[in-house]
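Working notes, structure below.
The values are calculated or read from the model by the stated rules, or taken from the named source; none is laboratory data. Note that the structure is predicted; figures quoted are calculated from it, not measured. Positions of Cβ are backbone-derived with ideal geometry, glycine not excepted, and every protein chain shown enters the neighbour counts.
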Amino acid sequence: MSDTPRSLLITSIGKAFAPRPDSPYRVDLLQADCLYCREGRIEAWLDSASQAAEIEALRRKGLPLCDASDALLLPGFVDSHTHPVFFAHRAEEYEMRNAGRDYLEIQRAGGGILSSRRSLMAADPAELKARVRQRLKRFLRLGTTTVEAKSGYGLSVEHELLSLRLLKELDAESPMPRLYPTLLAAHSVPPEHREDREEWFRRINEQILPVVVREGLAKHADAFCEPAVLSLQETETLMSRAREAGLGIKLHAEQIESAGGGALAARLGALSADHLEEIDEAGIQAMVEAGTVFALLPGSTYFLGMERWAPARRIIEAGGRIALCTDFNPGSSHIQSMPFILSLATCRLKMSAEEAVWAATAGGALALDAAGEIGCLEPGAAADLCLWPFQDLAQLPYTCGDNRPARVILGGEVLGQEE
Ligand code: NIG
Ligand code: FE
């Protein structure tokens, strides 16, 4: 997102719900119907009944005005797990799975991540960038104002760096969601290194990581910690190196097999472990104790046609902090809509609307180490907001299928509907 800080006065807000960054799952109804945003940030909440004079003074300053027309106001969603840098769709794999083939079986036969790698490598970089731009703008229209975006379909020194540089270029455009790029070179071991996996890891450590740090291409590093892809030991070695280089750590863990990836994330001091459909009680405890965020991706469970949903209720009872994310990618979750994820979280993970809204905003911010800066309505936070045509929070996950905000405000700027 480029830097054009805006001031704005939002009036006639029907209800404003504030997820509290340091109190998991608490979402407060604010006693104010007017919001003053200054230089792209939330400055002050005002109530027209008791603070009419202050509001009038702000009006006289000639600030841009936004009439919220009794809408419900929430922070924009923070989607802390996505893979938008890909070229071609993989609808044929979706068909194959629905006809009974298995995700890992398709992957072993050269499909999956490796098929996305082939199409990305063959793509015209300008066309690839145009497609990624379009996807990122679609996130905004769906109410997502912050997007974590992973590399991981390049899987060569050249194409991993190309993926991250492309994100950096798009980040300078406007309007664009706030981007948090993540290095996911450890998404898979490319076929040419299958007989010598160490060689791929050496390239990550010696040829990709130093460039990523030098050029500021990523805030976090991630690995697909799954017995069929990377062992616990390989994950630990790679992520320790990335952490030493100054990156925050995230892990894809416990999606298909329960193998201790959650506990490893806790031990590594990772910000989050993501997926966790198969996490066991010991893993939950380890993550709660370490304060590792549980990033849950019910879109991929749904999209892969799997039966086991992440144990959200158990995680909440144990005191864990959840982030909800789309996992948007061409293979296991071709879903960009956070409202749809909230529907899955309530209907299938049995979270309440409040819990789900907190996890999709303040929880996502925690998973990006940005609590209090985004995903909340505290003074000083980014003025990234959505106006919804609802009277109550429960209508958000309840409205399913084509659920978009009436207005999106990014850094204090009201975006046009076509964007
Ligand atoms: O988060 N799990 C690993 N990566 C992606 C899927 C990648 C793909 O199938 O293209 C995920 O689900
Ligand atoms: Fe993922």
Residues of region 230-258 that turn out to be surrounded by fewer than 21 Cβ atoms within 10 Å (Cβ to Cβ) and over 22 Å from the mean Cα position of the chain (by Cα), as a count: 12
Sole miss for Asp47 among (1) surrounded by fewer than 16 Cβ atoms within 10 Å (Cβ to Cβ); (2) in contact with an Asp or Glu (Cβ under 9 Å, 6 or more places away or on another chain); (3) farther than 30 Å from Ala359 by Cα is condition (3)
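Would you check which residues across region 316-343 are closer than 30 Å to Gln107 by Cα and more than 16 Å from the chain's Cα centre (by Cα) and list them? Steps first, answer last, please.
First, the residues of region 316-343 that are closer than 30 Å to Gln107 by Cα: 322-343.
Across region 316-343, the qualifying residues are Gly331, Ser343.
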For the list (1) in a helix (DSSP H, G or I); (2) surrounded by 21 or more Cβ atoms within 10 Å (Cβ to Cβ), I need the number of the one condition that Leu114 fails. (2)
I'm trying to understand the selection: among the residues of region 402-416, which are farther than 19 Å from Ile13 by Cβ and in contact (Cβ under 8 Å) with a residue 24 or more places away in the chain? Asn403
Among (1) surrounded by fewer than 24 Cβ atoms within 10 Å (Cβ to Cβ); (2) touching a Gly at 6+ places or on another chain (Cβ under 6 Å), Leu170 falls short only on (2)
Across region 117-136, which residue is nearest to Gln207 (Cα to Cα) among those that are surrounded by fewer than 18 Cβ atoms within 10 Å (Cβ to Cβ) and within 13 Å of ligand 1 (Cβ to nearest atom)? Arg118
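Could you please give the count of residues in region 273-291 that are away from ligand 2 (no atom under 16 Å from the Cβ) and either over 29 Å from Gly100 (Cβ atoms) or modelled with pLDDT under 95 (or both)? It would help to see each step written out before you state the result.
Step one: of region 273-291, the residues away from ligand 2 (no atom under 16 Å from the Cβ) are 280-291.
Narrowing further to those that are either over 29 Å from Gly100 (Cβ atoms) or modelled with pLDDT under 95 (or both): 281-291.
Matching residues across region 273-291 total 11.
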Only residues in region 205-216 that are of a type outside the set (A, V, I, L, M, F, W, C) and at pLDDT 95 or above count as the first member; pair them with residues that are surrounded by fewer than 17 Cβ atoms within 10 Å (Cβ to Cβ) and assigned to a helix (DSSP H, G or I), Cβ under 7 angstrom, at least 6 apart or cross-chain, and list the lot. Asn205/Arg241; Gln207/Val157
Please specify each residue of region 292-345 satisfying the condition of being surrounded by 24 or more Cβ atoms within 10 Å (Cβ to Cβ), within 14 Å of ligand 2 (Cβ to nearest atom) and part of a strand (DSSP E or B). Ala295, Leu296, Ala323, Leu324, Asn329
Can you find a residue in region 197-218 that is crowded, with 24+ Cβ neighbours inside 10 Å and closer than 27 Å to Ile279 by Cβ? yes
Looking at the structure I just gave you, is Phe139 among the aromatic types (Phe, Trp, Tyr), surrounded by 21 or more Cβ atoms within 10 Å (Cβ to Cβ), in a helix (DSSP H, G or I) and out of contact with any His (no Cβ under 8 Å at 6 or more places or on another chain)? yes
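Give the number of residues within region 51-107 that are more than 16 Å from ligand 1 (Cβ to nearest atom) and of a type in the set (D, E, K, R).
Taking region 51-107 first, the residues more than 16 Å from ligand 1 (Cβ to nearest atom) are 51-78, 99-100.
Applying the additional criterion that residues be of a type in the set (D, E, K, R) yields 54, 56, 59-61, 67, 70.
Here the count works out to 7.
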